[in-house]
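A.B. asks: Below is a structure I'd like to ask you about.
Rule-based calculations on the coordinates, nothing more; no lab input. Since this is a predicted model, take the numbers as computed values, not measurements. Note that each Cβ is placed from the backbone with ideal geometry, even for glycine, and that neighbours are counted across all protein chains shown.
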Amino acid sequence: MPVKTFQDLQVWQKAHRLVLFTYEITKTFPREEQYGLVGQLRRAAASIPANIAEGYKRSGSNDYARFINVADASLEETKYHLILARDLSYITPDRYYEAFALCDEVSKMLNGLYRALTGKKNKP
């Protein structure tokens, strides 16, 4: 099936699932974290598919690749916040591993898209 919108991209779909999962798990965080870790984790996660979508509409592959790189950086930030949430016992180990597995899938897809756009094997 041809890609007509950013929503057709499998990487965007997977990243969107990560955002939904992030919102689900942060609902149980302590109230005092509402404007701290909850906000940071949700913003970092939401930035991933948002940058994929914005990059999709850019005119050149180099510009698109730059947004994919930003999405990947937001993914790394999301991973750190998940580690912190686990270490603070805000999420169970099972939920942490579930989130991290989703992060790993998105990471592989972002790297593949970056390579396809740039022809480079690895990011700088």
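A.B. asks: Among the lysines in the chain, how many pairs, 8 or more places apart or on different chains, have alpha carbons under 28 Å apart?
C.D. replies: Counting lysine pairs in the chain gives 27.
A.B. asks: Want the number for TYR35 to ASP104: 0.36 nm per residue separation, take away the alpha-carbon distance, what's left?
C.D. replies: Answer, rounded to one decimal: 22.2 nm.
A.B. asks: Which loop trypsin sites (Lys or Arg not before Pro) in segment 1-75, with loop taken from DSSP, have no more than 12 other Cβ atoms within 10 angstrom of their Cβ?
C.D. replies: Answer in residue order: LYS4, LYS27, LYS57.
A.B. asks: For the modelled label position 7 Å from the Cα of ARG43 along Cα-to-Cβ, which residues of segment 64-97 have backbone nitrogen atoms closer than 19 Å?
C.D. replies: 70-85
A.B. asks: Now, a different point. If I model a spin label as a point 7 Å beyond the Cα along the Cα-Cβ vector, how far apart are those points for THR28 and GLU76 in nm?
C.D. replies: Result: 3.0 nm between the two label points.
A.B. asks: Using a Förster distance of 35 angstrom, determine the FRET efficiency expected from the C-beta separation of TYR97 and SER59, and round it to 0.05.
C.D. replies: My answer for the efficiency is 0.35.
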